[in-house]
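Below is one structure, written out as structure tokens, with a few remarks after it.
Values quoted throughout were computed directly from the atomic coordinates according to the rules given, and no laboratory measurement underlies them. Quick caveat: nothing in here was measured; it's all calculated off a predicted structure. Using ideal geometry, Cβ is built from the backbone for each residue, glycine included, and neighbour counts are taken over all protein chains shown.
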């Protein structure tokens, strides 16, 4: 007979009757009554009034009745904390019972009753149970420590329970070891900032590996997770651990298999790459992963999400198993889509024929969403495997011929991407695409088709008619289509300006005057002003060469991928997000990263390297030829050593006005010499588009020939990184770096590498006073570095600090602090990174200033081996904020007159004499601060030779 009868009672006065039965002398009636109470509690009835009567039933030898009473207590102890104290004596007595099941039950229940008053009484019984002779009691007590830590962590530490747990790692019973590991892992997870609770040494590892073979499947998972956090001291130990973990790959439980995969994936990073053993492990990892795909759909999905990460990290593991990812007709849609993604990741030239045949078959399925994804997958294969692109395009054309609307539209979307990847290669199919123009009704497909027409307008005879047909319902189109249509018509106009002027005026008017969408209006105004004021610039902007797109499936950034590999078999590997992104309250949790292989991992630094020096000294006496200048202690002792060696965080000092003496040293800048801000050059006002409804473009008809307009140069030149701080000079810390300017700001781009044998952390930076007042504009963001690990960071710099002349002028003296010591180095900042974006000087002011500056301040240099023409030279210099103000040709010789402005307000005027056919050019510099001339000449030389 089942227990369902306890849930069907409808008696009146039930509480009173239950009370009477609970106090009955007959044990059977008591047990029946407690069952009825539990049943009422389960369906949500309030039976807390029976608390004293149920507690009285604890005094029994019947294990079943005792379990029921304990269940009731756990539920109502929070609401009745004072009455729960009544049960404490019974708990304490049960913890010393002769029956180990009762002892374990008592300590487990006390741990589950989250009442502070009871936890005080739990300590002594728990301590006894941790040393109990019966392993079942010990394993239960181990888990109870974790529960108690969750209630009162300080109490656990004060009572020494963590030490008791560590002792249990050496227990003879594997289940006790597994539970101790689980408890310690849970405690560490609840306080991730604390040091590791398990001392993972060789002895402990051997104990865990021994217990691994004999404990339950869930115990194995906890042990494997702990093993994954261990760094073997050498390759031999790493291989030994892998050998003992590998049998877990054949386990029936999918969680054990994935946990074992995680351990092996992490250890493979620490072993010798491309070795025979790595190849053996790779072959062993494949079958268990394939086996997981024959389980239930839910397990398949979890396995596929983990496999997705694994094949990104090590595609060789499953490169021969493409067929197992082929979709079955009865797979749920979520499994189908995951398989599709992995198929694309594994696609290579060797198996692309197989993959395309499958994808073409999927495109005829009845599930519309799956068909769309399959068609898009064909395009992704074309982008990923270049040799198969033609076959993929042919497959897409076959699908277009089916005339199935959603297939055609998806095919056009991916063909647009193929055009981007392989320009001027497959444009012959455009006519076929245009035949389907009338059937397109989805925004993305219509936008893709408009892009294709605009991009290849010169090859489509009736491009203007096609685009005009879209204009008829312009305001009914999706924003995505409107934006694309606006750009496409402007492209068409720039390519065929004679017969499309009316069309471009119409679309600009629709976008700017008849539209409420701010994005569309803004783009329309930008095009309008470009076309009406500087058609050449418009052509360079709108028809600029577009960067080629790459295969889109590798979306996970490498550092995030490494972190997710460390979380295989967890929710993080299913969500493809780090735990901090979705676990509430864990925003500051420690970030996990894959370890890197070290020749002697686990070794410690020598005493000399590990102990910070009392007073750092500069190694001036041991200088060797290198790309850095090591400053002497005297240069830095007054400023850099004032760095706070306490906390590791550092904020930039508040902006300070440069003192007068320092400014006199470098010159006061052209602004002050021209009479303050009033005389400063101002850029001409941007041309405003006419607001009427007439022809409006104000001079579009007078646009000169656009075909010969040169393209813009590249971005600001960034020198290659140089080693600024050698590991031999900095106790294992190596810093390589360079300087760049982007987004109107200077950046110090550095690579920190740990060549030591221990972790480096707590990084901070400080710059000494320098010629241009450069200081850090933010805190130095460098993670803790494990041995042989590197980290790239960009530190924004700000020119608002104190000023002191340096020699050379752009020399920067730097102090870097970490948990080992403070280290010093010097580096030279390229002066072109100090050229600001508003360095365009008005022509009249330029002429007046050139005449006003004394001829003695004019310095000439010869720059040899310049192979660029005048246009390219102007563009390369402008990309580095050296602006051409005027250009003349005197007796066959090109003359460029240019201006630039430094961050401290100093203006420099230059004249370049370029003789066509001659690789040597003459540079004349004029400035009121002649000190900067040499550095600026060097920057010209650097820019024009790179």
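Each Cα pair under 8 Å and six or more residues apart adds its sequence gap; the mean of these over the residue count of the range 275-329 is a relative contact order of 35 percent. Averaging the Cα positions of each part gives two centres, and for the range 828-842 and the range 100-146 these lie 71 Å apart.
Across the range 195-344, Cα pairs under 8 Å and at least six residues apart give a relative contact order of 16 percent.
I'd like the FRET efficiency for residue 879 and residue 722, computed as 1/(1 + (r/R0)^6) with the beta carbon distance as r and R0 of 22 Å, rounded to 0.05. That pair, residue 879 with residue 722, gives E of 0.50. Averaging Cα coordinates gives a centre for the range 875-934 and one for the range 512-578; these two points are 35 Å apart. In terms of its alpha-carbon gyration tensor, the range 183-306 comes out oblate; a/c meets the 1.5 threshold, while b/c is at least as large as a/b. Between residue 35 and residue 189, the simple label model (points 7 Å from Cα in the Cβ direction) yields a spacing of 3.6 nm. The overall shape of the range 410-559 is rounded: from the C-alpha gyration tensor, with semi-axes ordered a ≥ b ≥ c, the ratio a/c is less than 1.5. Sorted on the mean count of surrounding Cβ atoms within 10 Å across their residues, most packed first, peptides 793-804, 311-322 read 793-804, 311-322. Highest mean first, the peptides 91-100, 520-529 sorted by other C-beta atoms within 10 Å per residue fall in the order 520-529, 91-100. Ranked by how many other Cβ atoms sit within 10 Å of their own Cβ, fewest first, the residues 845, 187 fall in the order 845, 187. When peptides 445-458, 419-432 are sorted by average Cβ neighbour count within 10 Å, with the highest value leading, the order is 445-458, 419-432.
Between the range 391-469 and the range 291-313, the C-alpha centres lie 36 angstrom from each other. The simple Förster model, with R0 at 51 Å and r as the Cβ-Cβ distance, assigns residue 133 and residue 316 a FRET efficiency of 0.50. Working from label points 7 Å from Cα in the Cα-to-Cβ sense, the residue 496 to residue 291 distance is 6.5 nm. With a cut-off of 17 Å on the backbone N, the residues of the range 52-73 near the modelled label site 7 Å out from residue 42 along Cα-Cβ are 64-73.
Shape call for the range 496-561 from the C-alpha gyration tensor, a ≥ b ≥ c root eigenvalues: rounded (a/c under 1.5), prolate (a/b greater than b/c) or oblate? Here the range 496-561 falls in the prolate category. The label-point distance for residue 124 and residue 25, in a model that sets each label 7 Å from Cα toward Cβ, rounds to 3.5 nm.
If the Kirkwood radius is taken over C-alpha pairs of the range 451-540, then at 20 °C and 1.002 mPa s the Stokes-Einstein diffusion coefficient equals 166 µm²/s.
Put in line by how crowded their Cβ is, counting other Cβ atoms within 10 Å and starting with the fewest, 866, 393 read 866, 393.
Multiplying the residue separation of residue 216 and residue 276 by 0.36 nm and subtracting their alpha-carbon distance yields 18.3 nm. Maximal additional length on extending the residue 114-residue 354 stretch stands at 80.5 nm, based on 0.36 nm per residue less the C-alpha distance.
Based on Cα contacts under 8 Å between residues 6+ apart, the range 797-858 shows a relative contact order of 21 percent.
Label zone of residue 93 (point 7 Å out along Cα→Cβ, amide N under 13 Å): in the range 57-72 this covers 57-62.
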